[in-house]
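The values are calculated or read from the model by the stated rules, or taken from the named source; none is laboratory data. Everything quoted here is computed from the prediction, not taken from an experiment. Side chains are part of the model used for accessible areas, which takes the heavy atoms of the whole protein and leaves out ligands, DNA and RNA. Shrake-Rupley method; radii C 1.70, N 1.55, O 1.52, S 1.80 Å.
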Amino acid sequence: MKAEYLLKVILPPFIIFAVIVALTIAKVISGWSLYVVWILGFIVANIIVTRIAAKRTYEQRREIRLKEEAKKKNDSEK
């Protein structure tokens, strides 16, 4: 895996949870709001990571498809 991809996957959830932890330690959020914020944090982090991973997978499959099409085109020209 490329370092760029790993940063895109790891950095957003890390930032989200760092902010939530800081707010929790500072006692800005507590009680039920604490549960809600943590659940929302997990949901948002999951969505971000899923979108990044899906986009990368789509691009990889597109590249493979284009290579296969180019190979078939070259084979048919011979």
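So the values come out like this:
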| read-out | value |
| --- | --- |
| Proximal lysines relative to residue 8, as straight alpha-carbon distance under 23 Å, when same-chain residues fewer than 8 apart are discounted | 55 |
| Prolate/oblate/rounded label for segment 5-78 (Cα gyration tensor, a/c 1.5) | prolate |
| q = 0.34 Å⁻¹: log10 I(q)/I(0) that the Debye formula gives for segment 20-61, counting C-alpha atoms only | -1.03 |
| Accessible surface of the chain, 1.4 Å probe, proportion on carbon and sulfur as whole % | 66 percent |
| Å² per residue, accessible surface of the chain at 1.4 Å | 86 Å² |
